[in-house]
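Written out below as structure tokens is the structure these notes cover.
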Amino acid sequence: MARSSPVIGLLVMAYGGPGNLDEVEPYLRDVRGYRPTPEAIIHEVRQRYQEIGGRSPILEHTQAQARALQSALQAQGFPFKACVGMRHWHPYIQETLAHMQAEGIRRVVGLVMAPHYSRMSIGAYFKKVEEAAPALEVAGIERWHLLPGYIAALVERICTTLDRFPSQVRSEVPILFTAHSLPQRILQWDDPYPRELSQTVTAVMQHLGDRPYAFAYQSAALSDEPWLGPDASEVLVQMAQAGQRHVLVAPIGFVCEHVEILYDIDLALKRQAQSLGVQLERIVMLNTAPQMITALAERVVSRAREAGWL
């Protein structure tokens, strides 16, 4: 392939998050579709961000992932330019696509930095892409929950984290896999989200051998609508009641640190674990793990080839 080939855009997408406490309220209103938001919810969410340093680091982490992907692609001579677009905050997906079009990019591979497909999550990203840039050719990567490099990176992180536990209990420490909960109504659509999460857990456990594990959802929204369960806090109580005093948390539905990790796990779940007399340790998030980045770059190339661009 000649290096003079037209540049292909790589739109790396993530959820977004406030850059300071003043941005929490407008960010939350965007997330909620500008529905009326009770002041109590705004206050609660602002308090959570305040406890993790007053902002979300998701933009910086996603930018680092985009740079790593572009470097991996360009090192092999592939003409990609990676740009970051956020679903619910700046730079918005539509802003980034407009910038890419202004630079003459006409073909874009879309990649959401979340491995598991749901119509309500990944599907919503690509709906925004379609609405924002109908003239662009877009080849989307909708799921990568069994990507070998992603699985390998998770396994490596889990094995490294086991070293934080006393040597005599490491072989028996249960792994609590978690992912973001979604409204239960997705089950009415036969949405693949729960199934893909289960497949990821199975793939990881095939590398880890015979040890106890469980799966739970986390970070359900502050709403009256029923969300998928069981919640991680409930499963942690069950583990403690069964006599477990050590638990390793592996958030397989996330690939970098943000409020769902830094608050929901590192603060809220750890506080609960301490009250139960449980040592709870979390894996280091994948971020720019070389195995994952290399595998994702290969998937980007294959998706471009499927579209007939390479």
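The values are calculated or read from the model by the stated rules, or taken from the named source; none is laboratory data. Here the structure is a predicted model, which means the values were calculated and not measured. Glycine gets a Cβ as well: all are built from the backbone with ideal geometry, and neighbour counts include every protein chain shown. The protein model used for the area step is the full one, side chains on, heavy atoms only, and it has no ligands, DNA or RNA in it. Shrake-Rupley method; radii C 1.70, N 1.55, O 1.52, S 1.80 Å.
Name the pairs: first residue in the range 219-232 and under 21 Å from TYR15 (Cα atoms) and in contact (Cβ under 8 Å) with a residue 40 or more places away in the chain, second residue of a type in the set (A, V, I, L, M) and open to solvent by 50 Å² or more (accessible area, probe 1.4 Å), Cβ to Cβ under 9 Å, at least 6 apart or on different chains?
Pairs found: LEU222/ALA40; LEU228/LEU187.
Mind counting the residues in the range 39-51 that are without any contact (Cβ under 8 Å) to a residue 24 or more places away in the chain and within 11 Å of GLU25 (Cα to Cα)? Show your work before the answer.
Start the filter on the range 39-51 by keeping residues that are without any contact (Cβ under 8 Å) to a residue 24 or more places away in the chain, which leaves 39-40, 42-43, 47.
Remaining after also requiring within 11 Å of GLU25 (Cα to Cα): 39, 42-43.
So the count comes out to 3.
Restricting attention to the range 51-70, does a residue exist that is touching a Lys or Arg at 6+ places or on another chain (Cβ under 6 Å), open to solvent by less than 80 Å² (accessible area, probe 1.4 Å) and either at negative phi or at pLDDT below 95 (or both)? Outline the logic, then answer.
Here is the first cut: in the range 51-70, the ones touching a Lys or Arg at 6+ places or on another chain (Cβ under 6 Å) are none.
No; the residues of the range 51-70 include none that is touching a Lys or Arg at 6+ places or on another chain (Cβ under 6 Å), open to solvent by less than 80 Å² (accessible area, probe 1.4 Å) and either at negative phi or at pLDDT below 95 (or both).
Consider PHE177 carefully, then state whether it is modelled with pLDDT of 95 or more and either open to solvent by 50 Å² or more (accessible area, probe 1.4 Å) or part of a helix (DSSP H, G or I) (or both). Give the steps one after another, and end with the answer.
Details: modelled with pLDDT of 95 or more: yes; either open to solvent by 50 Å² or more (accessible area, probe 1.4 Å) or part of a helix (DSSP H, G or I) (or both): no.
Criteria not met by PHE177.
Could you list, ordered by first residue, the pairs with Cβ atoms under 6 Å in which the first is in the range 141-167 and over 30 Å from LEU11 (Cα atoms) and the second is surrounded by fewer than 20 Cβ atoms within 10 Å (Cβ to Cβ), at least 6 apart or interchain?
These pairs meet every condition: THR161/GLU281; LEU162/ARG170; ARG164/GLU281; PHE165/HIS246.
Could you grab the pairs with beta carbons closer than 6 Å, sequence gap of 6+ or different chains, first residue in the range 279-292 and hydroxyl-bearing (Ser, Thr, Tyr), second one buried (at least 20 other Cβ atoms within 10 Å of the Cβ)?
From the range 279-292, the pairs are THR288/GLN65; THR288/ALA68.
Evaluate the following for GLU23: is it in contact (Cβ under 8 Å) with a residue 12 or more places away in the chain and surrounded by fewer than 16 Cβ atoms within 10 Å (Cβ to Cβ)? Full working, then the answer.
Details: in contact (Cβ under 8 Å) with a residue 12 or more places away in the chain: yes; surrounded by fewer than 16 Cβ atoms within 10 Å (Cβ to Cβ): no.
Here the answer is no, as GLU23 does not meet what is asked.
If a residue must be closer than 22 Å to SER118 by Cβ and either modelled with pLDDT under 95 or touching a Pro at 6+ places or on another chain (Cβ under 7 Å) (or both), how many such residues does the range 232-263 contain?
Total meeting the criteria: 3.
Hey, can you tell me all the residues within the range 1-53 that are assigned to a helix (DSSP H, G or I) and among the basic types (Lys, Arg)?
In the first step, residues of the range 1-53 are kept if they are assigned to a helix (DSSP H, G or I); the result is 21-31, 39-51.
Within the range 1-53, ARG29, ARG46, ARG48 qualify.
Considering only the range 264-287, state which residues are within 23 Å of MET113 (Cα to Cα) and either more than 17 Å from the chain's Cα centre (by Cα) or open to solvent by less than 60 Å² (accessible area, probe 1.4 Å) (or both). Outline the logic, then answer.
Going through the range 264-287, the residues within 23 Å of MET113 (Cα to Cα) turn out to be 264-266, 282-287.
Of everything in the range 264-287, those that are within 23 Å of MET113 (Cα to Cα) and either more than 17 Å from the chain's Cα centre (by Cα) or open to solvent by less than 60 Å² (accessible area, probe 1.4 Å) (or both) turn out to be ASP264, ILE265, ASP266, ARG282, ILE283, MET285, LEU286, ASN287.
Considering only residues of the range 104-151 that are within 20 Å of GLN63 (Cα to Cα) and aromatic (Phe, Trp, Tyr), which is surrounded by the fewest Cβ atoms within 10 Å (Cβ to Cβ)?
Across the range 104-151, the extreme among qualifying residues is PHE126.
Kindly indicate which of ARG170, ARG157 is in contact with a helix residue (DSSP H, G or I) (Cβ under 6 Å, 6 or more places away or on another chain), surrounded by 12 or more Cβ atoms within 10 Å (Cβ to Cβ) and charged (D, E, K, R). Working first, answer last.
Details: ARG157 fails: in contact with a helix residue (DSSP H, G or I) (Cβ under 6 Å, 6 or more places away or on another chain).
Matching residue, one of ARG170, ARG157: ARG170.
Could you list all residues from the range 287-310 that are part of a loop (DSSP other than H, G, I, E, B) and at negative phi?
Restricting attention to the range 287-310, the residues satisfying the condition of being part of a loop (DSSP other than H, G, I, E, B) are 287-289, 307-310.
Within the range 287-310, THR288, ALA289, ALA307, TRP309, LEU310 qualify.
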